[in-house]
Amino acid sequence: RYNCGRFILFLRNDIIGFPPNVGHHHQDFGHFVLFVDNQEVIIDVGRNNYNNKIEIFSHAHNTIEIDNFGVIPRSPHKYPYKYSQFSNSINSKKRMDKTIISISTNGFSRLKEKIFWERKFILGDNEFIINDHITGSNNSLVSSYFHWADKILLTKESINKIGLKSEL
C-alpha cells in the first residue's frame, strides 16, 4: 500500500515467476488498484467463483499483454517449470512531493528474446501517472487493460493524457 496526497495505490507482485507452491498466482503482474479521495477509481474486477477461470487472465486485470500473452503463461503447470520462471522487481522512493514506484519483469522473454517491461507509478498531491516502458519487443502488439469504477468519466486531454471526472 502506498499513500501520497489524495491517492492510495495497492500492488501485489511476486519477486520470482510462477512459484511451485499454492498461493495467489495468476496473470496479474503489474496489476494495481487506485483510490482517489477514498473512492475506488481503478478497480479489481474480482472473481465470481472458482469455476470460471477467465478472471485469472491478464485482460481481467490492470496490466498488459504482449502479442496476446500475459507475463505468466496460461496453465503454467502444463509447461516445463523453467518456461514459467522469470525475475520481477519492485522499488519505491520519495522525491520531493512525489512517490515513485517502479515494478519490472523479464517475464515476456519466453516469447521473444530479452523483452523487459517496467511500469512506473508516479503519485503526487494532484496527479497520478502510469508510465509503461517496454524494450526488446520489435513488431509486437501491446495491449493495456484498465478497469474503471462505475461513474468515472474519461476525457482525452492529449495523445498521452486522460482526464478523469467523477459523478460521485
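The table below gives the values:
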| quantity | calculated |
| --- | --- |
| Net +/- balance of residues flanking T155 in space, Cβ distance below 10 Å, scoring K and R +1, D and E -1 | +2 |
| Square roots of five times the Cα gyration tensor eigenvalues for region 107-168, Å | 29, 13, 11 |
| Accessible area in the full protein assembly, largest first, 1.4 Å probe, for L154, L111, L9 | L154, L111, L9 |
| Model label zone, S158; criterion: amide N under 14 Å from point 7 Å along Cα-to-beta-carbon; scope region 117-138 | 129-130 |
| Stokes-Einstein D in µm²/s, Kirkwood radius over Cα pairs - region 28-168 at 25 °C with 0.890 mPa s viscosity | 146 µm²/s |
| Gained length - S143 relative to K78, 0.36 nm times residue gap less alpha-carbon distance | 20.9 nm |
| Of the GluC sites (Glu not before Pro) in region 65-131, those whose Cβ has at most 13 other Cβ within 10 Å and which sit in DSSP loop | E113, E127 |
| Accessible surface, per residue, of region 52-151 when the full set of protein chains is kept, probe 1.4 Å, Å² | 57 Å² |
| Relative contact order (%) - region 106-164, alpha-carbon pairs under 8 angstrom, separation at least six | 20 percent |
| Candidate lysines - alpha carbon under 27 Å from K112, same-chain residues fewer than 8 apart omitted | K53, K78, K82, K120 |
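The values are calculated or read from the model by the stated rules, or taken from the named source; none is laboratory data. For clarity, every value in this text was computed on a predicted model and none was experimentally measured. Using ideal geometry, Cβ is built from the backbone for each residue, glycine included, and neighbour counts are taken over all protein chains shown. Remember, those area values only see protein heavy atoms, side chains included, never the ligands or the DNA or RNA. Shrake-Rupley method; radii C 1.70, N 1.55, O 1.52, S 1.80 Å.
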